[in-house]
Each structure stands twice: as C-alpha cells, then as structure tokens.
1. For the pair Gln12 and Glu72, how long in nm is the line joining their label points, each one 7 Å along Cα→Cβ?
2. State, to one decimal in nm, how far the label point of Met1 lies from the label point of Met37, with both points 7 Å from Cα in the Cβ direction.
3. Quick one: length gained pulling Ser65 to Leu53 fully straight, 0.36 nm per residue minus the C-alpha distance?
4. Given the options Glu54, Glu38, Glu46, which has the most mean-square fluctuation in a GNM of the chain, springs set between C-alpha atoms less than 10 angstrom apart?
5. Go ahead and set up a Gaussian network model of the chain, Cα springs under 10 Å, then flag whichever of Ser55, Ser33, Ser63 fluctuates most.
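A short reminder: the numbers here are calculations on the coordinates, not readings from a lab. If you're wondering where the values come from, they're calculated on a predicted model, not measured in any experiment. In this analysis, Cβ positions are derived from the backbone assuming ideal geometry, glycine residues included, and neighbour counts consider all displayed protein chains.
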Amino acid sequence: MNARNLVIDFLQGKGVDTNKLTNDTLLMRHIQSIDFMELIVRAETEMGRELDLESVQIEEISSLSGFIAWLEKV
C-alpha cells in the first residue's frame, strides 16, 4: 500500500470525510494524538520497519501532505 492510500484509509476508518481534506490540512484537527500514534504504528507495520521519529520535527509531519511526504522518504 502506498503512503497516501495508507493515510487516507486510516483517516476514513476514523470517520474523517477525506473528500474535504486539502494537502495543507492539519491532521490533529481531525484525529486525536493517540490516533496519530496509531497511524504511525500502522505505517510501521505496513512498511515492515520502525520509523525514526527522532529525526523529524512535528511541524514537518502535522499536515496531510507533510506526513505522506515523510512516509514516502523513510
């Protein structure tokens, strides 16, 4: 599963209307902190490796496009 599909699928599973989201949408406006961590764990599981959270600033991954871009490059 590619990064965009993984994130969109996750958000839809949390009841987010993803048709209304833009690339600049802040994820925390639609999911809680615990859901954000669950999204990271799901991405790690799907990708088969641990994601390095120490090397990223939260501002870089707080938007929809920022999070997807980060997943694609790790």
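1. For the pair Gln12/Glu72, the computed spacing is 1.9 nm.
2. For Met1 paired with Met37, the spin-label model returns 2.1 nm.
3. Details: separation 12, 0.36 × 12 = 4.32 nm, distance 1.69 nm.
Length gained, Ser65 through Leu53: 2.6 nm.
4. Comparing Glu54, Glu38, Glu46 in a Gaussian network model of the chain, the most mobile one is Glu54.
5. Of Ser55, Ser33, Ser63, the most mobile in the Gaussian network model is Ser55.
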